[in-house]
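The values are calculated or read from the model by the stated rules, or taken from the named source; none is laboratory data. Quick caveat, the model's predicted, so the values are computed rather than measured. Cβ coordinates were reconstructed from backbone atoms using ideal geometry, including for glycine residues, and neighbour counts include every protein chain displayed. Please note that ligands, DNA and RNA were not included when accessible areas were found on the heavy atoms of the full protein model with its side chains. Shrake-Rupley method; radii C 1.70, N 1.55, O 1.52, S 1.80 Å.
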Amino acid sequence: MQKAGLLLRPCARTWKSVRMASSAMARRNPLENKVALVTASTDGIGFAIARRLAQDGAHVVVSSRKQQNVDRAVATLHREGLSVTGTVCHVGKGEDRERLVATAVNLHGGVDILVSNAAVMPFFGNLMDVTEEVWDKILDINVKATALITKAVVPEMEKRGGGSVVIVASVGAYRPFPGLGPYNVGKTALLGLTKNLAVELAQRNIRVNCLAPGLIKTSFSRMLWDDQERLESLKATMQIKRIGKPEDCAGIVSFLCSEDASYITGETVVVAGGMPSRL
């Protein structure tokens, strides 16, 4: 018996190695052949998300309001051997949203994933000084356009048997960033939009979740981290005493779009270094 056990031990190790290799193969490309649209994805968080989705096997369509930004992002990711294309898309324009969806359909046959990342932050100051024009811009781009681009992709996702939507909000939805009142309000609205879309789209096998980044070092958030006093004040609210990187958000989004998250919908994942995040 002891001799048999010694003989079987190498076989057991071999089968364990086979199982581990099989598992690694299955997870190496968790988004293999999925088609993903990522808005505002030529810089910062959006670019990091697009790169990670492509690294995980997806065909990604990036977008920006400026062609030169699209060209630069696509060229960078092509050099990394990733399946990425791009098109100009101002999410506040219906024709641009339609072109973005059509680009994915024409090139790859459909849409499986939408990451709605586009946002504007046109005002810094007291909430009582915000003009009607600023409110209109915030609500149009940060909230309404997210709902409308989701509406545009749903029919294509249905043709594929389902899909995943990730809406990028902000920890400012929970703990308002000073001086960014309208932006914070718009991001809070996205938490509600996520919940409502998740309920309505579950019957179509489309999951909707939300990412709420904290202070991430991007050009978009420069006004918050470029001032040392303001930065130290914000870091004091964090358990992890550093500014986040765009890559800190990317893996979470890939997970939410994968089969590993197939039983998750209507949720918001906060990636904010431990900043308070409760309404």
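At-a-glance table
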quantity	calculated
Residues of segment 202-228 that turn out to be aliphatic (A, V, I, L, M), modelled with pLDDT of 95 or more and crowded, with 23+ Cβ neighbours inside 10 Å, as a count	4
Hits in segment 144-176 - residues which are open to solvent by 10 Å² or more (accessible area, probe 1.4 Å), touching a helix residue (DSSP H, G or I) at 6+ places or on another chain (Cβ under 6 Å) and not in a helix (DSSP H, G or I)	GLY163, PRO176
Positions within segment 111-125 being surrounded by fewer than 18 Cβ atoms within 10 Å (Cβ to Cβ) and either closer than 25 Å to ASN209 by Cβ or at pLDDT 95 or above (or both), in sequence order	none
Selection from segment 190-201 of residues that are open to solvent by less than 60 Å² (accessible area, probe 1.4 Å) and of a type in the set (A, V, I, L, M)	LEU190, LEU191, LEU193, LEU197, ALA198, LEU201
Flag for GLY192 being in a helix (DSSP H, G or I) and touching a residue at least 12 places away in the same chain (Cβ under 8 Å)	no
Residue in segment 95-104 that is of a type in the set (Val, Ile, Thr), within 26 Å of VAL70 (Cβ to Cβ) and out of contact with any Phe, Trp or Tyr (no Cβ under 8 Å at 6 or more places or on another chain) present	yes
Residue count for segment 173-188, restricted to those that are more than 11 Å from LEU127 (Cβ to Cβ) and of a type in the set (A, V, I, L, M)	1
Filter pass, HIS90 being at pLDDT 95 or above and touching a His at 6+ places or on another chain (Cβ under 8 Å)	no
Positions within segment 35-82 being open to solvent by less than 10 Å² (accessible area, probe 1.4 Å) and either in a strand (DSSP E or B) or without any contact (Cβ under 8 Å) to a residue 24 or more places away in the chain (or both), in sequence order	VAL35, ALA36, LEU37, VAL38, VAL60, VAL61, VAL62, SER63
Number of the exception - LYS235 against (1) modelled with pLDDT under 80; (2) in contact with a Lys or Arg (Cβ under 7 Å, 6 or more places away or on another chain); (3) buried (at least 20 other Cβ atoms within 10 Å of the Cβ)	(3)
Unique match (being free of Cβ contacts under 8 Å to residues at least 60 places away in the same chain and either touching a Leu at 6+ places or on another chain (Cβ under 7 Å) or of a type in the set (Gly, Ala, Ser) (or both)) among ALA169, ALA147	ALA147
